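Contents: one structure, followed by commentary.
The values are calculated or read from the model by the stated rules, or taken from the named source; none is laboratory data. The shown structure was predicted, so the numbers you read here are calculated from the model rather than taken from an experiment. FYI the Cβ positions are ideal-geometry reconstructions off the backbone, even for glycines, and counts take in every protein chain you see. Remember, those area values only see protein heavy atoms, side chains included, never the ligands or the DNA or RNA. Shrake-Rupley method; radii C 1.70, N 1.55, O 1.52, S 1.80 Å.
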Amino acid sequence: MIKKRHYPQIIVVAFVLIFGICACNSSRNHTEKIFIKGVYGNPGTLLDAGYTFDELGLNAIVVRSSSLNDELYNAALEQGCKVFVEFPVLLGKQYLENNPHCWPIEASGEQSPPADWFMGICPTCPDFKADRRQHLQRILNQFKVDGIFLDYLHWHAQFETPEPILPETCFCERCTGLFSSKYNIDIAEENISDISNYILSYHEKEWRDWRRSILTEWIIDLKQILKSHQPESLLGLFYCAWYPDEYDSALYRIMGIDIHDFAREADVLAPMLFHHMKDRPVNWIGEYTTWLDSLTNSIRPENKPEIWPIVQAHNSPGEVSPTEFREAMLQGSSFPASGIMMFSDRALLQDPRKIDIMREFYLVEP
């Protein structure tokens, strides 16, 4: 039996133990939740130019899958950087050269032309999906990564410009067949122009929702591959940072993006806050990030996705001045962001003043 005179000592010991456990947990959580300070593109060009990642304050690189190799991967690990890989999902230009049956078809029945520099693809093409699955598996079999960021995750369109290109796709026989089968809709028309007119006139709501579901299925499928190979790796999503009602709701209506679905599936949301490309003021970056945090709170309040904006240093269109770049970094890293990336390594090398700004910014803990 414990004597009363020992109660104070027992209470003190218990308090110390509890405090110690909490402190350990707090320290562990702090380690896990480091603020991500990254650069996107082919960061190996920075090494080739004589820089090191650690001297630049980087603790993460986000590398295009086409630029990932053993040398860059090992250098990043040696310099204390996490390695995230950008994975192009519905970028179709190269694949379409030998697989025209996967071409996105417009409401007129014609093949949709490139949207500026971007050429998408029909997202229901099974051959292309098999190709993408195999490509992701090859990456994960070769490299232990900290995360995969899905990119070009939208139906064929172009949004990285002040005047978006927003074609109506895809009305190929495969897409319209899958759509009519899912909703048990009998489409009597025979030519594509009449079929598209019928769908958009009488079943537009179902059509838009079906297109959304196809995009979300891509996320779920690729996420399953990632988590089955490397359960601790994060799934990130790069996506067009439009508000849902902009451009006559084109984010959902044309591109097939439902941010609610994205927020439910992602570990990290990386809105593409390229203010200069989209002709927006720099403070739009902070405003959008705050809006996104509020939205994710309502969708997934427990274990909600991290927000790591990607901001623009790239001079297109026109010039992003060093002062403007500094403000973009400040806006993108402010709460509620828990990380930031900048686009791109090439932009830094073209203007060493931007390297100095990034280094100064990253070497100071946010």
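The table for this structure:
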read-out: Selection status of Ser249, in a helix (DSSP H, G or I), over 15 Å from the mean Cα position of the chain (by Cα), among the small types (Gly, Ala, Ser) and under 24 Å from Ile310 (Cα atoms); value: yes
read-out: Those residues of the stretch 279-317 which are open to solvent by less than 10 Å² (accessible area, probe 1.4 Å) and either among the β-branched types (Val, Ile, Thr) or not in a helix (DSSP H, G or I) (or both), in sequence order; value: Ile285, Thr289, Thr296, Pro305, Ile307, Pro309, Ile310, Val311, Gln312, Ala313
read-out: Residue within the stretch 51-65 that is hydrophobic (A, V, I, L, M, F, W, C), closer than 20 Å to Trp155 by Cα and open to solvent by less than 60 Å² (accessible area, probe 1.4 Å) present; value: no
read-out: Cross-chain or 6+ apart pairs with Cβ under 7 Å, the stretch 218-230 first and farther than 14 Å from Pro88 by Cα, then open to solvent by less than 50 Å² (accessible area, probe 1.4 Å) and of a type in the set (S, T, N, Q); value: Leu226/Ser233
read-out: Unique match (being at pLDDT 95 or above, of a type outside the set (Lys, Arg), within 25 Å of Val63 (Cβ to Cβ) and open to solvent by 20 Å² or more (accessible area, probe 1.4 Å)) among Gly92, Gly80; value: Gly80
read-out: Qualifying positions in the stretch 227-246 - crowded, with 16+ Cβ neighbours inside 10 Å and under 18 Å from the mean Cα position of the chain (by Cα); value: Ser233, Leu234, Leu235, Gly236, Leu237, Phe238, Tyr239, Cys240, Ala241, Trp242
read-out: The stretch 185-217: number of residues that are without any contact (Cβ under 8 Å) to a residue 40 or more places away in the chain, open to solvent by 50 Å² or more (accessible area, probe 1.4 Å) and not in a helix (DSSP H, G or I); value: 4
read-out: Residue selected from the stretch 275-332 under the condition more than 17 Å from Ile357 (Cβ to Cβ) and hydrophobic (A, V, I, L, M, F, W, C), by the criterion modelled with the lowest pLDDT; value: Met277
read-out: Qualifying residue in the stretch 139-149 (condition: crowded, with 22+ Cβ neighbours inside 10 Å, touching a residue at least 12 places away in the same chain (Cβ under 8 Å) and farther than 29 Å from Asp70 by Cα); value: no
read-out: Tally of residues being among the aliphatic types (A, V, I, L, M) and in a loop (DSSP other than H, G, I, E, B) across the stretch 325-350; value: 1
